[in-house]
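Student: If you scroll down you'll find the structure; I have some questions about it.
The values are calculated or read from the model by the stated rules, or taken from the named source; none is laboratory data. Only a predicted model underlies this, so the values are computations on that prediction, with no experimental measurement involved. Note that we place each Cβ from the backbone using ideal geometry, even for glycine, and neighbour counts take in every protein chain shown.
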Amino acid sequence: MLNLHGECWVITDNAAGNQRQALALAEHLQLPLRHLVLQPRAPWSWLAPRLTPGGRLALPARQRRLFAPPWPTVAIGCGRTAALYTRLLHRLADGRCHTVQILDPRLDPAHWDTVIAPRHDQLDGPNVLCPLGSLNSVDDEWLADGRDACPGFAELPQPRVGVLLGGPRHGIALDADYARRLAVRLLERRNRDGGSLLVLGSRRTPPVLVEIFRRALHDVPGLVWAGPDDGRNPYPGVLGWADRLVVTPDSVNMLSEACAVGCPVETLAAAPLPPKIARFHQALRAAGLLHDLGAAAPARQAPLRETAAIAATLRERIALRQAAQRPG
């Protein structure tokens, strides 16, 4: 493994999905890590990453003190707000910080040293890396830790079916009708095959959807979890113990993490998907990683794990830069 030196900054907003991707990549670099959650005021928050003049002054005083020299060796951002500050670092650090932006920044990738955007974003450039899905921490060790954290799931009847609920987004209506339809389909198969259902809501899941599942599954082995009121988040344990995963069609991050497990992954799309999400679904299906709910699927499938390979490529690029900057 190539040895790197210096510090890595992870820059995100408060979005959990953005934080998970950036931190997952940073952990593979094995550098001292600082996580900066930056929240600029308007109009910079509206126009990021295009509006750069005064970008540092747009931060609250406490955050401005964090976003200050000495600059890091690597800065990894995820999300539109972070793209403003990784773009600024490209100039502020006078070329001595390797700037990485995850997700399409909607701007010329040349403003960063490396841009990592999934294939369905259809972004191209000599410094662009294009994984199939989103970056994440799911690997054998992560799944084993999840099983250790939730040993009681081992006693649930098999097949253990994990159900990951996202939320509505532009072009995808995850409403009460969708929740009832999904619950009926899950119960029909459970009545036929037995097993248990472990349903997890997310921050984006409307409460009405969660309540529909609580009522529908009240006498089914398993759980319905929607937040701290239901106890500790069992997400790693559900993925670690799942024999099958069902994921709503809206979330690239949840689908990518489910496909990293190695068990069959299914979805229920009740209507045509927006073009970008449709391209992602089609790529997963073409790779044998995603199936319609209830369709025939193998008992196990090759897991989608791209983060380590992306990180290895990134390490090589950073090491080359550091070698070129070394005196003599």
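Student: What pairs come out if I take residues in segment 257-279 that are farther than 13 Å from Pro298 by Cβ and pair them with residues that are assigned to a helix (DSSP H, G or I) and of a type in the set (Asp, Glu) whose C-beta lies under 6 Å away, six or more apart or interchain?
Tutor: Here the result reads none, with nothing in segment 257-279 linked to a residue that is assigned to a helix (DSSP H, G or I) and of a type in the set (Asp, Glu).
Student: Being of a type in the set (D, E, K, R) and outside any loop (DSSP other than H, G, I, E, B) is the filter here; which residues of segment 200-250 pass it?
Tutor: Scanning segment 200-250 gives Glu211, Arg214, Arg215, Asp229, Asp230, Arg244.
Student: If I go through segment 56-99 residue by residue, how many of them are of a type in the set (S, T, N, Q), surrounded by fewer than 24 Cβ atoms within 10 Å (Cβ to Cβ) and over 13 Å from Leu36 (Cα atoms)?
Tutor: Final tally of qualifying residues: 1.
Student: Listed residues Arg56, Arg87, Arg50, Arg96; which is assigned to a helix (DSSP H, G or I) and either over 21 Å from the mean Cα position of the chain (by Cα) or of a type in the set (Ser, Thr, Tyr) (or both)?
Tutor: It is Arg87.
Student: Let me ask another. Can we say Ala258 is in contact with a helix residue (DSSP H, G or I) (Cβ under 8 Å, 6 or more places away or on another chain) and at pLDDT 95 or above?
Tutor: yes
Student: Restricting the search to segment 1-47, which residues are of a type in the set (A, V, I, L, M) and assigned to a loop (DSSP other than H, G, I, E, B)?
Tutor: If the condition is that a residue be of a type in the set (A, V, I, L, M) and assigned to a loop (DSSP other than H, G, I, E, B), then Met1, Leu2, Leu4, Ala15, Leu31, Leu38, Ala42 are the ones that fit.
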